[in-house]
Amino acid sequence: MDTTAKPSQTIIVIFGAGGDLAWRKLLPAIYNLYLDNWLPENFLVLGLDIKNMTLPEYQLHVREGINKFSRSGKTKKKDWLAFEKCLQYKKGDFNTAATYNYVAKLIKQTEKEWAGKSNRIFYMAVSPAFIETIVTSIGAAGLAADKAFSRIVAEKPFGQDLDSARRLNKIICNTFDESQVYRIDHFLGKETVQNILAFRFANALFEPIWNRNYISHVQITVAEQLGVETRGGYFDHAGALRDMIQNHLLQLLCLISMEPPVSFDADEIRNRKTDVLHAIRDIEQLDVHKYAIRGQYGAGWIEGKKVKAYCDEPGVNKTSHTETFAALKLFVDNWRWQDVPFYVRSGKRMNEARSYITIHFKPVPHKSFPTEATGNWQPNSITMNIQPRMFISMNFQAKKPGLQMVLNPVNMLFDYAESYKTGTPEAYETLLLDVMQGDSTLFMRADQVEAAWDIIMPVLKAWTEDAPVYFPNYAAGMPGPEGSELF
Ligand code: BG6
């Protein structure tokens, strides 16, 4: 990762520029990169969408999104007036050659003005159904030909299953070389997630005990209090397994369990992560019930407010069998991790909004303290809290102050808010800057995506073939279905 250099001149073409992702995430992130002085002087965003908007209307729409969602708060007039000059908008149909001819012409003109080639980033902020047409048309317009300058960014969901992911990879790789493809998993851009590599490999302390000899099990949890909001239509065809486990949670598992990389080279890191995915023990379809639990929320209470059942959410089928909670017990079959269970779980409308990883260590081999001293004894654990609070804590035993020897578990804490007063970039800021700099370390390679699908396919198949008769099985505001905490 180049941590210092500004990217060279860049044109970002956003397909689906009038949609939610561009509004809430991409443009606020680009604006923050501008405020933090990370954008090159020659910089242009071309928004493409089927929506009929003039440029001033688009600029206003973008500004409203930034005012609402940016971590840096409302735009200031002077900054905004300078920034809005980088924005262009074009109403375009993704199915017609005219749209791509327009893009090609604009790029040509702009590069002429800038007197040199620029990075051309094609961002797919669209439903996956459009990707084939867009990618093929970009290729036909000759816009992908320059391997060093042209890049494509693809959002998740990357396919619906292993076959469709393979097909999508094939379509993209017919036009782009793998080195030009940036498949986003936004969790990898989160500050606390990037810190997992620093924690593990920049310290001599933890790596010697980071294995089956000392670790009893690992818990990876992404709990949300939000429901499906306005995305019921999408989510009802996806479910928690596809939406969260196949990508975000498996990526976290890789970072926790990968072997030390030899360097920070993008492919070195991605190879080590892919090794983990290949080492995850196959789950036989018949055994899925032993290794996986699913759930769907019913009506309930979140922070004192009554909320609807999943099946009553807009866009969701009234008799839906889609899971809003999924948990898997996985094993990484290699020398380091043999027989250490990794529990990954994620759900919507849970009792808390919190993403965290806990490494649970084995108990000490022998308790030399008198029995009266050890009533409260707990094995050690390390918790990496990803969000909303960002911290790492270590739980260990200490002597409770007093005249007797009594042991008590205590915490040692590194809290980002206390240690750093500077703001933390949003995941999309990090990832967009990486794309502009041509650094694919934090992006998913085709083989990684396919390996991740391969792991969950038996569960997907079993859950599709065997409809749940017991849904909803947890009330909104509860920590998932009964039994899932023991799992
Ligand atoms: C997205 C999922 O990838 O991640 C959403 O599609 C989920 O369903 C979201 O809510 C969670 O991301 P974050 O960054 O808000 O924790």
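The values are calculated or read from the model by the stated rules, or taken from the named source; none is laboratory data. These numbers were taken from a predicted model, which means no experiment stands behind them. Backbone-built Cβ (ideal geometry, glycine too); neighbour counts: all protein chains shown. Heads up: the accessible areas ignore ligands, DNA and RNA and are worked out on the full protein's heavy atoms, side chains in. Shrake-Rupley method; radii C 1.70, N 1.55, O 1.52, S 1.80 Å.
Restricting the first member to region 227-246 and to residues that are aromatic (Phe, Trp, Tyr), and the second to residues that are near the ligand (Cβ under 10 Å from one of its atoms) and open to solvent by less than 50 Å² (accessible area, probe 1.4 Å), the beta-carbon pairs closer than 6 Å and six or more apart or on different chains are PHE235/VAL228. The C-beta contact set for region 387-413 (first residue over 25 Å from PRO370 (Cβ atoms), second residue acidic (Asp, Glu) and open to solvent by 40 Å² or more (accessible area, probe 1.4 Å), distance under 9 angstrom, 6+ apart or interchain) comprises MET390/GLU191; PHE391/GLU418. Note on region 303-329: residues that are without any contact (Cβ under 8 Å) to a residue 40 or more places away in the chain, not acidic (Asp, Glu) and not in a strand (DSSP E or B) total 3. For region 100-119, check the following and say yes or no: at least one residue is touching a helix residue (DSSP H, G or I) at 6+ places or on another chain (Cβ under 9 Å), surrounded by fewer than 16 Cβ atoms within 10 Å (Cβ to Cβ), farther than 16 Å from MET436 by Cα and not aromatic (Phe, Trp, Tyr). The answer is no; no qualifying residue exists.
Within region 213-225, residues that are closer than 16 Å to TYR297 by Cβ and charged (D, E, K, R) sit with their Cβ atoms under 8 Å from residues that are within 16 Å of the ligand (Cβ to nearest atom) and assigned to a strand (DSSP E or B), at 6+ positions apart or across chains, in these pairs: GLU224/SER346; GLU224/GLY347. Would you check if LEU255 is touching a residue at least 24 places away in the same chain (Cβ under 8 Å) and either farther than 19 Å from GLU207 by Cα or open to solvent by 30 Å² or more (accessible area, probe 1.4 Å) (or both)? Taking the combined requirement at face value, the residue does not satisfy it.
Within region 192-214, being surrounded by fewer than 16 Cβ atoms within 10 Å (Cβ to Cβ) and closer than 23 Å to GLU426 by Cβ holds for one residue alone: ALA198.
Looking across region 120-159, the residues that are within 16 Å of the ligand (Cβ to nearest atom), surrounded by 16 or more Cβ atoms within 10 Å (Cβ to Cβ) and in a loop (DSSP other than H, G, I, E, B) come down to ALA125, VAL126, GLU155, LYS156, PRO157, PHE158, GLY159. Applying the criterion of at least 3 residues that are open to solvent by less than 30 Å² (accessible area, probe 1.4 Å) to the strands (runs of 3 or more DSSP E) found wholly in region 372-432 leaves 381-387, 391-399.
Rundown of residues vs (1) crowded, with 16+ Cβ neighbours inside 10 Å; (2) touching a Gly at 6+ places or on another chain (Cβ under 8 Å); (3) in a loop (DSSP other than H, G, I, E, B), yes/no style:
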residue: GLY18; (1), (2), (3): yes, yes, yes
residue: TRP38; (1), (2), (3): yes, no, yes
residue: LEU44; (1), (2), (3): yes, no, no
residue: LEU60; (1), (2), (3): no, no, no
residue: ARG63; (1), (2), (3): yes, no, no
residue: ILE66; (1), (2), (3): yes, no, no
residue: GLY73; (1), (2), (3): no, no, yes
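Could you tell me which residue of region 234-250 is most open to solvent (accessible area, probe 1.4 Å), considering only residues that are more than 11 Å from the ligand (Cβ to nearest atom) and within 21 Å of ASP20 (Cα to Cα)? Ranking the candidates gives HIS237 first.
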